[in-house]
Amino acid sequence: MKRITLIALSSALLLALVVAVRPERHDVEGRKPLVMVAREAHARALAGELVLVDIRSPDEWRKTGVPASAYAITMHQDQVTFMRQLAEATGTLHQKPSALICATGNRSALIQGRLRQAGLENVIDVAEGVMGGPRGTGWINSGLPLRRWTPGLERPRAASN
């Protein structure tokens with residue numbers, strides 16, 4: 001009986017370690033992605049050091065609002081329009097770094113990887129997202145400001161671009 005209990009406890013401990021210690025994510029070329037927390041992304045966007053982009057859908061923007069310092073550029077549109085809007089926000093040559101945020105960090109990581117594959121190196125993933133998840137608290141739960149989204153209001157109120 002003691003042996004079965006010891007094996008069960010050992011198995012549970014090993015499983016807990018495997019779940020807790022996740023390997024670092026890398027893109028297809030083995031590069032470690034750039035990741036930032038929501039609070040830092042907001043502060044750097046306000047300081048003009050980067051362009052924060054909320055890539056969620058308009059329905060999501062309506063439900064929760066948009067991070068106050070973010071551009072609302074949905075990934076749910078054709079690729080050419082998305083890239084044009086991103087270039088308009090960051091400068092034609094993507095002079096400023098861009099930080100992507102979605103609901104929980106999954107879509108922003110996906111789009112970050114695709115943009116890096118396309119040659120845009122200075123793309124940051126706000127991995128905790130607006131709602132929070134396994135990679136952090138999230139924009140809303142951190143008490144960061146939101147603005148109401150309405151069609152045609154894609155720029156942050158204080159955007160200087």
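So that you can scan it fast, the table gives a plain yes or no per residue for (1) modelled with pLDDT under 95; (2) within 17 Å of the chain's Cα centre (by Cα); (3) assigned to a loop (DSSP other than H, G, I, E, B):
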{"position": "L6", "(1), (2), (3)": "yes, no, no"}
{"position": "A16", "(1), (2), (3)": "yes, no, no"}
{"position": "V19", "(1), (2), (3)": "yes, no, no"}
{"position": "E24", "(1), (2), (3)": "yes, yes, yes"}
{"position": "V53", "(1), (2), (3)": "no, yes, no"}
{"position": "T74", "(1), (2), (3)": "no, yes, yes"}
{"position": "R84", "(1), (2), (3)": "yes, no, no"}
{"position": "A89", "(1), (2), (3)": "yes, yes, no"}
{"position": "R116", "(1), (2), (3)": "yes, yes, no"}
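Matching residues to (1) surrounded by fewer than 17 Cβ atoms within 10 Å (Cβ to Cβ); (2) more than 21 Å from R116 (Cβ to Cβ):
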residue	(1), (2)
W61	no, yes
A68	no, yes
A72	no, yes
Q79	yes, no
M83	yes, no
G91	yes, no
P97	no, no
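Residues in the stretch 121-133 that are modelled with pLDDT of 90 or more and surrounded by fewer than 19 Cβ atoms within 10 Å (Cβ to Cβ): N122, M131, G132.
Conditions (1) more than 13 Å from the chain's Cα centre (by Cα); (2) surrounded by fewer than 15 Cβ atoms within 10 Å (Cβ to Cβ); (3) hydrophobic (A, V, I, L, M, F, W, C); (4) modelled with pLDDT under 95, marked per residue:
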{"site": "A38", "(1), (2), (3), (4)": "no, no, yes, no"}
{"site": "G48", "(1), (2), (3), (4)": "yes, yes, no, yes"}
{"site": "R56", "(1), (2), (3), (4)": "no, no, no, no"}
{"site": "T104", "(1), (2), (3), (4)": "no, no, no, no"}
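Within the stretch 30-74, being without any contact (Cβ under 8 Å) to a residue 40 or more places away in the chain and under 11 Å from L100 (Cα atoms) holds for one residue alone: T74.
The values are calculated or read from the model by the stated rules, or taken from the named source; none is laboratory data. It should be emphasised that the depicted structure is a prediction, and the values quoted were computed from it without experimental measurement. Cβ atoms come from the backbone with ideal geometry, glycine included; neighbour counts cover every protein chain shown.
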